[in-house]
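Visitor: Structure provided below as structure tokens; questions to follow.
The values are calculated or read from the model by the stated rules, or taken from the named source; none is laboratory data. All figures in this text were calculated on a predicted structure; none of them were measured in a lab. Counting neighbours? That spans all protein chains shown, and the Cβs are built from the backbone with ideal geometry, glycine included. Remember, those area values only see protein heavy atoms, side chains included, never the ligands or the DNA or RNA. Shrake-Rupley method; radii C 1.70, N 1.55, O 1.52, S 1.80 Å.
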Amino acid sequence: MFERIYNQVIKERLEEPRKFIQIVTGPRQVGKTTAVIQALKSQKTPYLFFSADEVPVSQREWIAGCWENARMRLRSEKSDSFILVIDEVQKIHGWSEVVKKKWDEDTRLEINLKVLLLGSSRVLLEKGLADSLMGRFETIKMPHWSFGEMRDAFGFTLEQYVYFGAYPAVAELIGDEYRWSEYIRSSIIAATINKDVLADAVVSKPALLRQTFELASAYSGEIVSLTKMIGQLQDAGNTTTLSSYLQLLDESGLVCGLQKFSPEKLRQRASIPKYQVYNNALKSIYCGASFKEARSDYKLWGHLFESAMGCHVVNSAFSFHLQPFYWRDGNNEVDFVLKNGEKVVGIEVKSNFEKYTTGLAYFRERFSPHSAFVVGYEGVPATDFLNSDLRLLFK
């Protein structure tokens, strides 16, 4: 079975002496549970695995019950240590208070119970961690699969990655595009919005949130004002509402709105967003064309190609605490800008024989970036870029 690099990180953390609660976080369908189970099976330490997916949200005592069960097993098996794993823990209201109480009890009583928690709702996990568990945890962030992983695990070509994206569960369904798209719509999009967003956040207009997601995904790789978005949505309210919905969609690992790069933070916040999906499958299902049709449509393929490069940018930003932007000034534009501390990198994407633009040169002259380069035609090959660790751009 294929193992992601994050599997090794999980294994190493579980082998370390008990010091921190380990938190594995990331969007749905990226293999968090699979990675943890693979890591557990490689351990000599006994463990218990629980899932809160079907537990009523008010059942805080369920967590306490899981904990007591693990303590009993630790005592009965006379093991030096034991591992407790709880999946989708963020679904239980007040989960972090229970975890804090039990973890601190174990620390005080010198109970060697290691704890690993998983969750797909970043906003709820982070809220609970900030409220109750400061100083008690480490996070392992699992992003969407990369091109290299999809190639090595499923034999994906670059063109297949650009169109079909990177959901491993349906990689073998791409020969049946209707079946593939139905799974994406029902088991990923609907499940994420219904279970990770609407069930956990105050959303006054659920239909509007879904429409916002669909439009933002369709426009992935493009710069579109919230005002223009309102004109295409029913019962759209105001730009503040759309902005808050985009934030929720971002926190769920679906789609984000990149802000324009500027040394002045106020201008960044006031800028027109550039939409970017985290997985290109989310753009392709709204493009209105099959894989074969998209490949023969020069303009559409250019949008899909740029969005696929953007997926690598935003997933790297999520994993490694980088800041992603775009930049535009008049006719001069740079598709993606990454910031790490005070260092800035500019990335221009060219899918084919596009005419040369002065955007990157103008960006270099104005901001003196640490690095600035083209990906695609007459630049860094797309496969090399998609296989690269973007942290190395700042060395």
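Visitor: Compute a Gaussian network model of the chain, connecting alpha carbons closer than 10 Å, and tell me which residue from Arg28, Arg295, Arg75 fluctuates the most.
Guide: Arg75
Visitor: Under a cut-off of 16 Å between alpha-carbon atoms, report the lysines in cross-link reach of Lys299, not counting same-chain residues fewer than 8 places apart.
Guide: Lys283, Lys350, Lys355
Visitor: Roughly speaking, what is the stretch gain from Phe49 to Glu61, that is 0.36 nm per residue apart minus the C-alpha to C-alpha distance, in nm to one decimal?
Guide: Result for the pair: 2.7 nm of gain on full extension.
Visitor: Which of Lys339, Lys260, Lys299 moves most in a GNM of the chain, Cα contacts under 10 Å?
Guide: Lys299
Visitor: Zone of Glu110 (label point 7 Å along Cα→Cβ, backbone N under 11 Å): which residues in the range 27-46?
Guide: What the label zone holds, given the 11 Å backbone N cut-off, is no residue at all.
Visitor: On to the next question. Roughly speaking, to the nearest percent, how much of the chain's 1.4 Å accessible area is carbon and sulfur?
Guide: Carbon and sulfur: 50 percent of the exposed surface of the chain.
Visitor: Please compute the contact order of the chain in relative form: average sequence separation of alpha-carbon pairs under 8 Å and at least six residues apart, divided by the residue count, as a percent. Present the calculation step by step, with values, prior to reporting the outcome.
Guide: Values: 621 pairs, mean separation 53.5, N = 395.
Computed over the chain, the figure is 14 percent.
Visitor: Amide H neighbours of Ile21 under 5 Å, counting only residues 5+ apart in sequence or on other chains, H built in-plane at 1.01 Å?
Guide: Phe137, Glu138
Visitor: Now for a separate question. Just for the chain, what percent of DSSP beta bridges are antiparallel, to the closest 5? All intermediate terms of the calculation are to be shown ahead of the outcome.
Guide: On the way: 16 of 44 bridges.
Antiparallel bridges: around 35 percent, rounded to the nearest 5.
Visitor: Right, next: Starting from the range 256-348, pick out the GluC sites (Glu not before Pro) whose DSSP state is loop and whose Cβ has at most 16 other Cβ atoms within 10 Å.
Guide: Glu264, Glu342
Visitor: I would also like to ask the following. With +1 on each Lys and Arg Cβ and -1 on each Asp and Glu Cβ, and nothing else charged, work out how big the dipole of the chain is about its Cα centre, in Debye to the nearest 20.
Guide: Details: 49 positive and 48 negative charges, 144 e Å.
That gives the chain a dipole magnitude of about 700 debye.
Visitor: Peptides 11-21, 60-70, 210-220: what's the order by average Cβ count within 10 Å, highest mean first?
Guide: Most protected by this proxy first, the peptides run 210-220, 60-70, 11-21.
Visitor: Take the chain, connect every pair of alpha-carbon atoms lying under 10 Å apart with a spring to form a Gaussian network, then pick out the residue of Phe261, Phe373, Phe336 with the largest mean-square fluctuation.
Guide: Result: Phe373 has the largest fluctuation of those listed.
Visitor: Along the Cα→Cβ direction, 7 angstrom out, place labels at Asp152 and Ala191. What is the inter-label distance in nm?
Guide: Using points 7 Å along Cα→Cβ, the separation is 2.5 nm.
Visitor: List the lysines whose Cα sits under 18 Å from the Cα of Lys395, skipping any in the same chain fewer than 8 residues away.
Guide: Lys339, Lys343
Visitor: Of Lys195/Lys260; Lys205/Lys292; Lys78/Lys102, which pairs sit farther than 29 Å apart, going by alpha carbon to alpha carbon?
Guide: Lys195/Lys260; Lys205/Lys292
Visitor: Once mean projected area of the Cα convex hull in nm² is worked out from the coordinates, which option in (1) 19.2; (2) 20.4; (3) 27.6 does it equal?
Guide: This structure yields the entry labelled (2).
Visitor: For the range 250-260, what does the Karplus curve 6.51 cos²θ - 1.76 cosθ + 1.60, with θ = phi - 60°, yield as ³J(HN,Hα) per residue in whole Hz, taken in order and with x for Gly and Pro?
Guide: 5, 5, 9, x, 9, 8, 10, x, 6, 8, 5
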